Amino acid sequence: MSIKENLQSVKEQIADRASLVAVSKTKPNEDILEAYDAGQRIFGENKVQELAAKYEELPKDIEWHMIGHLQSNKVKYIAPFVSLLHGVDSEKLLRTINKEGRKCNRRIPCLLQIHIAEEQTKFGFSQDELLAFLSPEILLELEFVEIKGVMGMATYTNDQNQIKKEFSSLTQIFNGLKATVFKKSELFTEISMGMSGDFMLAIEEGSTMVRVGSSIFGVRNYTR
Ligand SMILES: *Cc1c(COP(=O)(O)O)cnc(C)c1O
């Protein structure tokens, strides 16, 4: 199947229940343009350099999402244009994003990455860590950061029950934050969860944004 047909099939399954980030990491511009010509406008990358290069080379109405782990010293390369940072997982990173946002005078949209997987290797805040530093005062200080919701990655497993449980826990954490720290924030609306293998399950568990790569563009030459 072509990229266009794959995209159509994924979109039919999602059926407007969540927004679709087409994950184009490692894929050439011509593949991205094929999806673009089929109507896709949101693309996700996990490397700052690759994202910045593709931004330069491709149509300017593309919304670029940084979905991978982000190092503080690289925020500056994408701060002026990035549409959403999914992997924001430390207070230090939030403060750097705030600083870079101030420099380019824009509020940078972010998702707080939460650790929901059993695996030790996945990045993200624990719920306790988050509650320990997120306060109305801190949010006021972070005036150039726009926190739009949460992001999480499930354990890499075939056990659907476990994945379901982890997705459900992210939705609960989101609801808890929405009812407390972000009570007054109309912008706190997004739950980014679900990839090629599990995006339908993620939507059932409350995802508002799925990140789908290989089901659209085919398998990559490396695994994440
Ligand atoms: C690569 C990646 C995806 C997409 O993975 P697929 O299984 O190819 O759909 C989603 N989210 C993150 C954070 C990724 O790094």
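The values are calculated or read from the model by the stated rules, or taken from the named source; none is laboratory data. Computed from a predicted model, the values in this text were never measured in an experiment. In this analysis, Cβ positions are derived from the backbone assuming ideal geometry, glycine residues included, and neighbour counts consider all displayed protein chains.
Of everything in the range 101-122, what is farther than 29 Å from SER168 by Cβ, in contact (Cβ under 8 Å) with a residue 40 or more places away in the chain and either crowded, with 24+ Cβ neighbours inside 10 Å or touching a strand residue (DSSP E or B) at 6+ places or on another chain (Cβ under 9 Å) (or both)? Give them in sequence order.
Across the range 101-122, the qualifying residue is only GLY101.
Of everything in the range 190-224 that's β-branched (Val, Ile, Thr) and in a loop (DSSP other than H, G, I, E, B), which residue is surrounded by the most Cβ atoms within 10 Å (Cβ to Cβ)? Steps first, answer last, please.
Restricting attention to the range 190-224, the residues satisfying the condition of being β-branched (Val, Ile, Thr) are 191, 203, 208, 210, 212, 216, 219, 223.
With in a loop (DSSP other than H, G, I, E, B) added as a condition, the list becomes 208, 219, 223.
On the way: THR208: 20, VAL219: 10, THR223: 7.
The residue in question is THR208.
Give all pairs with beta carbons closer than 6 Å in which a residue from the range 187-212 that is under 15 Å from MET153 (Cβ atoms) meets a residue that is aromatic (Phe, Trp, Tyr) and within 14 Å of the ligand (Cβ to nearest atom); count only pairs at least 6 apart in sequence or on separate chains.
Final answer for the pair search is MET193/PHE167; ALA202/PHE167; GLU205/PHE167; VAL210/PHE199; VAL212/PHE199.
Would you point out which residue out of LEU130, LEU170 is aliphatic (A, V, I, L, M), more than 17 Å from the chain's Cα centre (by Cα) and surrounded by 16 or more Cβ atoms within 10 Å (Cβ to Cβ)?
Details: LEU170 fails: more than 17 Å from the chain's Cα centre (by Cα).
Of the residues listed, the single one that is aliphatic (A, V, I, L, M), more than 17 Å from the chain's Cα centre (by Cα) and surrounded by 16 or more Cβ atoms within 10 Å (Cβ to Cβ) is LEU130.
Table: residues versus (1) touching an Asp or Glu at 6+ places or on another chain (Cβ under 7 Å); (2) away from the ligand (no atom under 14 Å from the Cβ); (3) of a type in the set (Phe, Trp, Tyr).
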position	(1), (2), (3)
ASP128	no, yes, no
ALA132	no, yes, no
GLU137	no, yes, no
LEU140	no, yes, no
ASN161	no, yes, no
PHE182	no, yes, yes
GLU186	no, yes, no
ILE191	no, no, no
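Mind checking which residues of the range 50-77 are in a helix (DSSP H, G or I) and out of contact with any strand residue (DSSP E or B) (no Cβ under 6 Å at 6 or more places or on another chain)?
First, the residues of the range 50-77 that are in a helix (DSSP H, G or I): 50-57, 72-77.
Within the range 50-77, GLU50, ALA52, ALA53, LYS54, GLU56, GLU57, SER72, ASN73, LYS74, VAL75, LYS76, TYR77 qualify.
Is there a residue being small (Gly, Ala, Ser) and over 19 Å from the mean Cα position of the chain (by Cα) anywhere in the range 96-114? Steps first, please.
To start, the set of residues in the range 96-114 that are small (Gly, Ala, Ser) comprises 101.
This time we only want the ones that are over 19 Å from the mean Cα position of the chain (by Cα), so: none.
No, there is no match, as no residue in the range 96-114 is small (Gly, Ala, Ser) and over 19 Å from the mean Cα position of the chain (by Cα).
Please specify each residue of the range 123-177 satisfying the condition of being farther than 19 Å from PHE188 by Cα, assigned to a helix (DSSP H, G or I) and touching a helix residue (DSSP H, G or I) at 6+ places or on another chain (Cβ under 7 Å).
Those that are farther than 19 Å from PHE188 by Cα, assigned to a helix (DSSP H, G or I) and touching a helix residue (DSSP H, G or I) at 6+ places or on another chain (Cβ under 7 Å): GLN160, ILE163, LYS164.
Is it the case that the range 178-185 has a residue that's among the β-branched types (Val, Ile, Thr), without any contact (Cβ under 8 Å) to a residue 24 or more places away in the chain, closer than 26 Å to ILE108 by Cβ and out of contact with any Ser or Thr (no Cβ under 6 Å at 6 or more places or on another chain)?
Restricting attention to the range 178-185, the residues satisfying the condition of being among the β-branched types (Val, Ile, Thr) are 180-181.
Add one more test, that the residue is without any contact (Cβ under 8 Å) to a residue 24 or more places away in the chain, and what stays is 180.
So of that shortlist, the ones also closer than 26 Å to ILE108 by Cβ come out as 180.
Now restrict to residues that are out of contact with any Ser or Thr (no Cβ under 6 Å at 6 or more places or on another chain): 180.
Looking through the range 178-185, at least one residue is among the β-branched types (Val, Ile, Thr), without any contact (Cβ under 8 Å) to a residue 24 or more places away in the chain, closer than 26 Å to ILE108 by Cβ and out of contact with any Ser or Thr (no Cβ under 6 Å at 6 or more places or on another chain).
Tell me the residue from LYS27, LYS47 that is among the basic types (Lys, Arg), within 13 Å of the ligand (Cβ to nearest atom) and surrounded by fewer than 19 Cβ atoms within 10 Å (Cβ to Cβ), please. Reasoning before the result, please.
Details: LYS27 fails: surrounded by fewer than 19 Cβ atoms within 10 Å (Cβ to Cβ).
Sole residue among the options that is among the basic types (Lys, Arg), within 13 Å of the ligand (Cβ to nearest atom) and surrounded by fewer than 19 Cβ atoms within 10 Å (Cβ to Cβ): LYS47.
Restricting to the range 163-184, count the residues that are closer than 19 Å to GLU118 by Cβ and β-branched (Val, Ile, Thr).
Restricting attention to the range 163-184, the residues satisfying the condition of being closer than 19 Å to GLU118 by Cβ are 163-173.
In the following step, the residues that additionally are β-branched (Val, Ile, Thr) were identified as 163, 171, 173.
So the count comes out to 3.
Scanning the range 203-224 for residues that are at pLDDT below 95 and among the polar types (S, T, N, Q), which turns out nearest to the ligand (Cβ to nearest atom)?
For the range 203-224, the residue satisfying everything is THR223.
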